[in-house]
Amino acid sequence: MRTLFFAAALTCSFANSAHASAWVNEPGVVRAAASMTHLSSGGQFAPGDANGLTGPLCVDPVVAGDRMPYSCVSGGRFVVTQLTVDASIGVLQWLTLDLKVPVVVDALFEDDVGRTDASGVGDLSLGLRAGRTWSWWAAAGVLHVKAPTGRRNFQDRDVAIGEGQWDVESGIRVGRSFWPHGWAESHQALRVRLGNRQTGIDPGEEWVGAVGVGLTPISQVGVQGRAEWILATADATDFGTRNPGRRLFQLRAGVFARPTEPLWVEVGVAVPLAGQRWPTGPTWTASVAWRFDPFR
């Protein structure tokens, strides 16, 4: 079982709640967000090629989806701290452009064998949302493209900043406002992950989804929760070997505040409950978003 760590991919697989929305921006309005994310995990949900593994740290044979150490012999810990900068701007009444820039501040993997670390700018994403609003409802079609701009080495135990291939994600977001008491929203998308012939890696397609609600029991202060999942719809190919793709089901909870109308501040945590090829540790996030019109 070859072990790779895609730092930026783990903390960017789901859009941050402070800026991702079924509601498009008004023309000329910019929404900028910065999120600091931290993940520390001493194990992973076992991938398909880990079936049957045993060792000093894996007494019973491993089954895909089990919580297991990164190595049944040497264990290990994977730690990532990342800053993600997002920006969106309304182009037309129904069209918004999105940009995501992940910056890995520090990512490391260490075990009894040694330590590997990395930092740098990850894979950039550019997309658009086309939608409309009526009454209390909003819906938007989404198209995002992720470019392989991050550093990658793809050696065993490597901490890669980029995944090394293009992703094209298309889907739909639907939201319902219960202003001033909260909202509900759903996001469903197909992520087409193109293969890389040079590395022999083809991660396969994925269904990415989330459903969530937000409540504001106190003026300008609220809580929100979401269920998020990634489900591979095709096998992945790692260096010529086919294995089941990654899977994840996790719950995310957060507390947010809006000190002023254009400002949004949030802290939260995402806890993975089940999966394959994914760290078992929680992901902590602190974010701030600002909405403004630079043309006024």
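Every number in this text was worked out from the coordinates using simple rules, so none of it is lab data. Since the model is a prediction, treat every value here as computed from it, not as a measurement. Because the Cβ atoms are built from the backbone with ideal geometry, glycine has one as well, and the counts that use them run over all protein chains shown.
Here is how the numbers come out for the structure above:
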item	result
In sequence order, calculated HN-Hα J values of the range 224-231 (Karplus, 6.51, -1.76, 1.60; Hz; x Gly/Pro)	8, x, 9, 9, 10, 8, 10, 10
Label-point gap, in nm, between T54 and V288 - each point 7 angstrom along Cα→Cβ	5.5
Cubic angstrom per residue, convex hull over Cα atoms of the chain	120
L231 versus E261: modelled label distance in nm, points set 7 Å from Cα along the beta carbon direction	4.2
Dipole in debye (nearest 20) - the range 61-212, about Cα centre, beta carbon charges: Lys, Arg +1; Asp, Glu -1	540
Amide H within-cut-off set for G182, under 5 Å, with H built and near neighbours excluded	T216
The chain: relative contact order as a whole-number percent, Cα under 8 Å and 6+ apart	19
Cα-centred dipole magnitude for the chain, charges only on beta-carbon of K, R (+1) and D, E (-1), debye, nearest 20	600
Stretch gain in nm, segment V213-D117, where the contour uses 0.36 nm per residue and the Cα spacing is subtracted	30.9 nm
Inter-site label distance for L190 and A130 at 7 Å from Cα along Cβ, in nm	1.7
For the chain, calculated [θ]222 nm from helices alone, where every DSSP H run of n ≥ 4 adds -39500 (n - 2.57)	-500 deg cm²/dmol
In sequence order, calculated HN-Hα J values of the range 38-47 (Karplus, 6.51, -1.76, 1.60; Hz; x Gly/Pro)	9, 10, 9, 9, x, x, 9, 7, 4, x
From phi via Karplus (6.51, -1.76, 1.60), per-residue ³J(HN,Hα) for the range 86-96 in Hz, x at Gly/Pro	10, 9, 9, 9, x, 9, 10, 4, 10, 10, 10
Full-stretch length increase - R296, W166 - with 0.36 nm per residue and alpha-carbon distance subtracted	43.1 nm
